[in-house]
Amino acid sequence: MSQADPSSQTYAQTPLDAWHRSAGAKMVPFAGYEMPIQYESIVSEHQACRNAAALFDVSHMGRLRFDGEGSEDLLDRLLTRRVTDLPIGGVRYGMVCNEEGGILDDVLVSHLKTPSESRYHLLVVNASNRAKIVEWIKPHLDDFPKVTFSDRTELTAMIAVQGPLAMETCKKLFSFDPSRLKYYQARITDQFSKPAIVSRTGYTGEDGFELVVRAEEATRIWENILLAGRDAGFAPAGLGARDTLRMEAAMPLYGHELDESVDPISAGLGFACNLDDREFIGRDAISAVKSAGPARVRIGLLPEGRRPAREGCDVLSTHGQVVGKITSGGPSPTLGHPIAMAMVDVKHAEATEFEIDIRGKRSPATRTKLPFYRRAKK
Amino acid sequence: MSRDKSKLLYAETHEWVDVAEQGGQKIATIGISGFALEQLNDLVYMELPEVGKTIDAGEEFGEVESVKAVSPLYSPVGGEVVEVHAELPDNLEKLNDDPYDFGWIVKLKIDDESALGNLMDFAAYEKQCAESG
């Protein structure tokens, strides 16, 4: 056991901070915010999401708004995904890359229409990358003088409701039925007497939606959803469960599977790059990797036994040669055994048997298809 | 057998020690505190040392893993491992309910008693826990 590191650094608080504390959440510093890592137990919060629904405060994620003529062209230049053909109500997953094809962030972009018929684009970025992405965008704004760029993060809160009962239960609660959205669609509603963005997106492998609401409305809305789903087994869930859920769903996490040294093709995210329809930053480098083939690829591993392999562990061939590294790993509460994702040398990626060096001890592991968990389709 | 947590010694790193005479030898039984277990939550794995291994005071002798993280276990005293609680790793869910009896982890034959002087009594340990919140 080690001691908690006392720190005098101050952290930002989300609009739900007081609620988390009153619910007894264990708060930890994360990406400049103090965030709940768990309330009672990571495993029970994980299971609530798989069996009923879980509520996540994801207000720490950055919300960047682009208004005005040229917004689409600007985003077309910055993202691996084409934005000019994104219809109103569409949401797309893509990446912001540098000229070398290194991933600066993975993002969601939504095309929204307000009740007064004006249109804008909302870019949701990782909390840890928000400042970097804002700085990356700024110099490009000179070329698009009619674009208004604003960071909406601190004026708003973001709540994710994820799980098999999320839609059914919230139908009763909202004046707009979120299940009318298809997967990866979003719209603005005047829900809760105030404008809110509802999108059918998420980061757990379950069906569900994400809400962007005004900061001052966050606690009321959070409590309403929790109350509506209480008998069904809804639970608030912290960052701990969010991580085990996204690992089971094999969703990459920035700083783990993704960083500036990784290109989208190597990360297995070639589907989120439109390479042939326009110029964008990093396109030539990404196209070159695609033609030549990536040097390393992301794979899934099942470590033998109960000891989890964690991020940073070396992955070895059965001949004892180091061929890669674990990028995320831990126990899978749904499957009941450890799972891990790794980046490995492409020459070894087709092997079925590996070894993992877990802090000095070698343990066998078998390659498996990703994701580790896929929800049953209705 | 029922160990009284208020009569044990504690390390800053949250291990407890119970020292007893056995055949003219001082034997230290080591576990982790209820406070620490509450903080850890959702345990999934424990790695024990091998019997016969010699460990220095303050040295890592094993690790306990929760869903989220790995925590090393540090030996509050030095000595030779004479027994390990082999049933524990397969029954980690019981550890939280009974950290001071079922939850013992290893027994060491103490080779240097001076390290005991660095440990805290229950009152001092409780104070540390209260301060770390």
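The values are calculated or read from the model by the stated rules, or taken from the named source; none is laboratory data. The shown structure was predicted, so the numbers you read here are calculated from the model rather than taken from an experiment. Ideal geometry is used to build each Cβ from the backbone, glycine not excepted, and the neighbour counts take in all protein chains shown. Areas reflect the complete protein model, heavy atoms only, side chains present, ligands, DNA and RNA absent. Shrake-Rupley method; radii C 1.70, N 1.55, O 1.52, S 1.80 Å.
Can you work out D for region A:199-250 in µm² s⁻¹ from Stokes-Einstein, where Rh is the Kirkwood radius over C-alpha pairs, the temperature is 37 °C and the viscosity is 0.692 mPa s? Show your work: numbers first, answer last.
Details: Rh = 12.4 Å.
This corresponds to a translational diffusion coefficient of 264 µm²/s.
On a C-alpha basis, how far is the centre of region A:319-367 from the centre of region A:193-256 in Å? Whole number, if you could?
Region A:319-367 and region A:193-256 have Cα centres spaced 30 Å from each other.
What are the equivalent ellipsoid semi-axes of chain B, built from the alpha-carbon gyration tensor (square roots of five times its eigenvalues), in whole angstrom, biggest first? Walk me through the numbers before you get to the answer.
Values: eigenvalues 88, 64, 37 Å².
Calculated on Cα positions only, the semi-axes equal 21, 18, 14 Å.
In a Gaussian network model over chain A where Cα atoms closer than 10 Å are linked, find which of A:Thr327, A:Thr14, A:Thr84 has the largest mean-square fluctuation.
A:Thr84
Suppose we flag GluC sites (Glu not before Pro) only when DSSP calls them loop and at most 10 other Cβ atoms lie within 10 Å. Which is the longest uninterrupted stretch of chain B?
On the way: sites that count: B:Glu50, B:Glu87.
My reading of the result: B:1-49 is the longest stretch.
Any idea of the accessible area per residue across region B:1-88, 1.4 Å probe, to the nearest Å²? Show your work: numbers first, answer last.
Values: 3780 Å² over 88 residues.
Solvent-accessible surface per residue comes out at 43 Å².
Diagonalise the Cα gyration tensor of the protein assembly as shown and give the resulting equivalent ellipsoid semi-axes, square root of 5 times each eigenvalue, largest first, whole Å. Numbers along the way, then the final one.
Details: eigenvalues 426, 153, 78 Å².
Gyration-tensor ellipsoid for the protein assembly as shown: 46, 28, 20 Å.
Can you tell me the accessible area per residue over region A:11-53, all protein chains present, probe 1.4 angstrom, in square angstrom?
Numbers: 1730 Å² over 43 residues.
Accessible surface, normalised per residue, equals 40 Å².
Measuring from label point to label point, each 7 Å out along Cα→Cβ, what is the A:Lys182 to B:Asn96 span in nm?
Distance between label points: 4.4 nm.
Do any trypsin sites (Lys or Arg not before Pro) in region A:164-202 lie in a loop, going by DSSP, with at most 11 other beta-carbon atoms within 10 Å of their beta carbon, and if so which?
Sparse-neighbourhood loop trypsin sites (Lys or Arg not before Pro): A:Lys172, A:Lys182.
Using alpha carbon coordinates only, what is the Rg to Rh ratio of region A:224-270, with Rh defined as the Kirkwood radius?
Values: Rg = 15.8 Å, Rh = 13.1 Å.
For region A:224-270, the value is 1.21.
Could you look at chain A and say what percent of its accessible area is carbon and sulfur, using a 1.4 Å probe and all protein chains? Before the final figure, lay out each step's value.
Numbers: 8030 of 16210 Å².
Result for chain A: 50 percent of the exposed heavy-atom area is carbon or sulfur.
Counting C-alpha atoms alone, how compact is region A:295-368: give Rg to one decimal and Dmax as a whole number, in angstrom.
10.8, 32
In terms of the Cα gyration tensor, with a ≥ b ≥ c the square roots of its eigenvalues, is region B:61-133 rounded because a/c is under 1.5, prolate because a/b exceeds b/c, or oblate?
Working: a/c = 1.77, a/b = 1.08, b/c = 1.64.
The shape class here is oblate.
For region A:91-201, take the convex hull of the Cα atoms, compute a quarter of its surface area, and give me that in nm², please.
Details: hull surface 34.3 nm².
Computing the convex hull of the Cα atoms and averaging its projections yields 8.6 nm².
Over the Cα atoms of region A:1-146, Rg to Rh with Kirkwood Rh, two decimal places? Don't skip to the end; give the middle numbers.
Values: Rg = 18.6 Å, Rh = 17.8 Å.
Here Rg/Rh amounts to 1.05.
Kindly state, to the nearest 0.05, the FRET efficiency for A:Val134 paired with A:Thr84, given R0 = 25 Å and r defined as their beta-carbon distance.
On the way: r = 22 Å, r/R0 = 0.90.
So, using R0 = 25 Å, E works out to roughly 0.65.
Which values, in whole Å and largest first, are the semi-axes of the equivalent ellipsoid of region A:62-137 obtained as the square root of 5 times each eigenvalue of the Cα gyration tensor? Each step should come with its number before you reach the end.
Details: eigenvalues 89, 33, 22 Å².
The answer is 21, 13, 11 Å, longest axis first.
Mind checking how much accessible area A and B bury in total, 1.4 Å probe, in Å² rounded to 100?
On the way: alone 17240 and 7150 Å², together 22420 Å².
The contact between B and A buries close to 2000 Å².
No solvent, one uniform scatterer per C-alpha: report log10 I(q)/I(0) for region A:127-278 via the Debye equation at q = 0.11, 0.12, 0.18, 0.21 1/Å, two decimals.
Log10 of I(q)/I(0), two decimals: -0.56, -0.67, -1.29, -1.43.
I'd like the Kirkwood hydrodynamic radius of region A:207-318, using the inverse of the mean 1/r over distinct C-alpha pairs, in Å.
On the way: mean 1/r = 0.0549 Å⁻¹.
When all Cα pairs of region A:207-318 are included, the Kirkwood radius is 18.2 Å.
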